[in-house]
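*Asks:* Below you'll find the structure I mean.
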Amino acid sequence: MPQPSPSADRALQALSDSIGGARSRRPEDATDPAVPVAATVILLRDTAEGLEVLMIERPDRGSFAGAWVFPGGKLEPGDRHAAAELEEAVARRAAVRETAEETGLELDAEALVTLSCWDPPPGLALRIRTWFFVAPSAGGVVSLSADEAVAAQWLRPADALARHGRGGFTLYPPTWVTLHGLAEHADVESVLGAARLGGVQRFETVARRGGEGPLLLWQGDDEWDPDAAAAASGSRHRLEIGELPWRYQRTV
């Protein structure tokens, strides 16, 4: 079995340790105002080798130490222009600001297409609700903020997943699942078209301890809601992260 990097070990251990405090979801969890909100941008470009995505490596400190992520960060008060604004609109503005701060790349907010919203498992110590946007790269030179990132790479999604599976690339589950979805597309237009057609995907996460380690479940999985009265149908929407390579199952 591939051996994960030290930062990947820490990431998995932190999630595994916190699962004991996780609980079943309640309807209000997905909009809990006490949960910090963040936004991230998946910048895409077409190359002769196929679709590539910009990823940055976080410094070896903080909540996502050593992880490879998409540019982004938490919403700030200045991102909200009106009290009644929808969270998605505020997140879009934050995504543009954070990308500029972290990479030096300027984006047009209108070019961002909302891909997904990830809500963390209730009961975990670290909870950040995150909006994911996709956008075509407008070009320009990546200039990293030293406080936010130590490296940047344009990668094909499948290559990023393969590196993670070999243990040398730290990813968190939302990033991994997003890359898994991107790997199905041949070019930027395919990604943008699918995002527009499919609408916002919502991942309301439940954390469990399975037979082979931590297990993350989403809507549509038979075991997502243990109180559901419906008979088991064999439906799966889950990520098994107990060992490398991770295993994603989605039948819905």
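*Asks:* Keeping to the range 106-141, report how many residues are of a type outside the set (Gly, Ala, Ser) and not in a loop (DSSP other than H, G, I, E, B). Don't jump to the end; show me each part of the working.
*Replies:* From the range 106-141, those of a type outside the set (Gly, Ala, Ser) are 106-108, 110, 112-115, 117-122, 124, 126-134, 136, 141; that's our starting set.
Of the ones still in play, those that are also not in a loop (DSSP other than H, G, I, E, B) are 110, 113-115, 117-119, 129-134, 136.
So the answer is 14.
*Asks:* Now, a different point. Report, by residue number, each residue of the range 203-249 that is outside any loop (DSSP other than H, G, I, E, B), within 20 Å of ARG25 (Cα to Cα), modelled with pLDDT of 90 or more and charged (D, E, K, R).
*Replies:* GLU204, ARG238, GLU240
*Asks:* Mind listing whichever residues of the range 66-103 are surrounded by fewer than 16 Cβ atoms within 10 Å (Cβ to Cβ) and closer than 22 Å to ALA160 by Cβ?
*Replies:* none
*Asks:* How about the range 34-62: which of its residues are assigned to a loop (DSSP other than H, G, I, E, B) and open to solvent by less than 50 Å² (accessible area, probe 1.4 Å)?
*Replies:* Residues of the range 34-62 assigned to a loop (DSSP other than H, G, I, E, B): 34-36, 48-49, 58-62.
Passing the criteria: VAL35, ARG58, PRO59.
*Asks:* When you scan the range 91-104, do you find a residue that is out of contact with any helix residue (DSSP H, G or I) (no Cβ under 6 Å at 6 or more places or on another chain) and modelled with pLDDT under 95, even just one?
*Replies:* Of all residues in the range 91-104, those out of contact with any helix residue (DSSP H, G or I) (no Cβ under 6 Å at 6 or more places or on another chain) come to 91, 95, 97-104.
Going one step further and asking which of them are modelled with pLDDT under 95, we end up with none.
No.
*Asks:* State yes or no: is ASP187 open to solvent by 10 Å² or more (accessible area, probe 1.4 Å), modelled with pLDDT under 95 and acidic (Asp, Glu)?
*Replies:* Numbers: open to solvent by 10 Å² or more (accessible area, probe 1.4 Å): yes; modelled with pLDDT under 95: no; acidic (Asp, Glu): yes.
No; evaluated as a whole, the condition is false for this residue.
*Asks:* Does any residue of the range 142-161 turn out to be within 14 Å of the chain's Cα centre (by Cα) and assigned to a loop (DSSP other than H, G, I, E, B)? It would help to see each step written out before you state the result.
*Replies:* Filtering the range 142-161 for residues within 14 Å of the chain's Cα centre (by Cα) gives 157, 160-161.
When the remaining residues are screened for being assigned to a loop (DSSP other than H, G, I, E, B), the result is none.
Taking every residue of the range 142-161 in turn, none turns out to be within 14 Å of the chain's Cα centre (by Cα) and assigned to a loop (DSSP other than H, G, I, E, B).
*Asks:* What residue, of GLU98, GLU88, is over 18 Å from GLY199 (Cα atoms) and of a type in the set (Asp, Glu)? Break it down stepwise before answering.
*Replies:* On the way: GLU88 fails: over 18 Å from GLY199 (Cα atoms).
Of GLU98, GLU88, the one residue that is over 18 Å from GLY199 (Cα atoms) and of a type in the set (Asp, Glu) is GLU98.
*Asks:* Which residues, counting only those in the range 63-85, are part of a loop (DSSP other than H, G, I, E, B) and not hydrophobic (A, V, I, L, M, F, W, C)? Break it down into steps so the answer makes sense when it comes.
*Replies:* Taking the range 63-85 as the starting set, the residues that turn out to be part of a loop (DSSP other than H, G, I, E, B) are 63-67, 70-71, 75-76, 80-85.
Once the filter is applied, which keeps residues that are part of a loop (DSSP other than H, G, I, E, B) and not hydrophobic (A, V, I, L, M, F, W, C), the range 63-85 yields SER63, GLY66, PRO71, GLU76, ARG80, HIS81, GLU85.
*Asks:* Oh, and also: Criterion first (without any contact (Cβ under 8 Å) to a residue 40 or more places away in the chain and over 18 Å from the mean Cα position of the chain (by Cα)) does ASP108 satisfy it?
*Replies:* Details: without any contact (Cβ under 8 Å) to a residue 40 or more places away in the chain: yes; over 18 Å from the mean Cα position of the chain (by Cα): yes.
For ASP108, the condition - without any contact (Cβ under 8 Å) to a residue 40 or more places away in the chain and over 18 Å from the mean Cα position of the chain (by Cα) - is met.
*Asks:* For the condition basic (Lys, Arg) and either open to solvent by less than 50 Å² (accessible area, probe 1.4 Å) or farther than 25 Å from GLY50 by Cα (or both), what is the one hit in ARG127, ARG156?
*Replies:* Values: ARG156 fails: either open to solvent by less than 50 Å² (accessible area, probe 1.4 Å) or farther than 25 Å from GLY50 by Cα (or both).
Matching residue, one of ARG127, ARG156: ARG127.
*Asks:* Return the residue satisfying two criteria in turn: it lies in the range 108-124 and is open to solvent by 30 Å² or more (accessible area, probe 1.4 Å) and not acidic (Asp, Glu), and of such residues it is modelled with the lowest pLDDT.
*Replies:* First, pick out the residues of the range 108-124 that are open to solvent by 30 Å² or more (accessible area, probe 1.4 Å): 108-111, 123.
Among the residues that remain, those that are also not acidic (Asp, Glu) are: 109, 111, 123.
On the way: ALA109: 95, ALA111: 96, GLY123: 76.
Step by step, filter the range 108-124, then rank; the result is GLY123.
The values are calculated or read from the model by the stated rules, or taken from the named source; none is laboratory data. All figures in this text were calculated on a predicted structure; none of them were measured in a lab. Note that we place each Cβ from the backbone using ideal geometry, even for glycine, and neighbour counts take in every protein chain shown. Keep in mind that these areas ignore ligands, DNA and RNA; they rest on the heavy atoms of the full protein, side chains included. Shrake-Rupley method; radii C 1.70, N 1.55, O 1.52, S 1.80 Å.
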